[in-house]
Amino acid sequence: SSSPSTPAITSSNFGKFVVTHERPTPLDVVHSLVQSYLLPDGFPQSVAPQYVPYTLWRCVEYFFGGAVCVFTTQSLLGALGVGGRRGGGGG
């Protein structure tokens, strides 16, 4: 019979090979991570039709909100004189 160390491909009576297990590609791994961490269980059947547009809008909002915070902090620190010019021992 077969042992646990047998390859993942087995032969059927018709001479064709059937793949019983495939190693996931890096894209499959990323897709699985995104699906398990960012999407609710049972997506898309478990959510309302408005879920995707709402979630996409929230992602855009978070991205630009974070950028605004960075630029605001940088401007405030610059106004206080923190992080001024570097080097420049000119004459």
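Observations on the model:
- Sequentially through the stretch 59-66, phi angles give Karplus couplings (6.51, -1.76, 1.60; θ = phi - 60°) of 5, 4, 4, 5, 4, 6, x, x Hz, Gly and Pro residues having no value and appearing as x.
- Extension gain, Gln74 to Gln35, is 10.5 nm, computed as 0.36 nm per intervening residue step minus the present C-alpha separation.
Every number here is computed from the coordinates shown, using simple stated rules; none is lab data. Small disclaimer: the values here were computed from a predicted structure and weren't measured.
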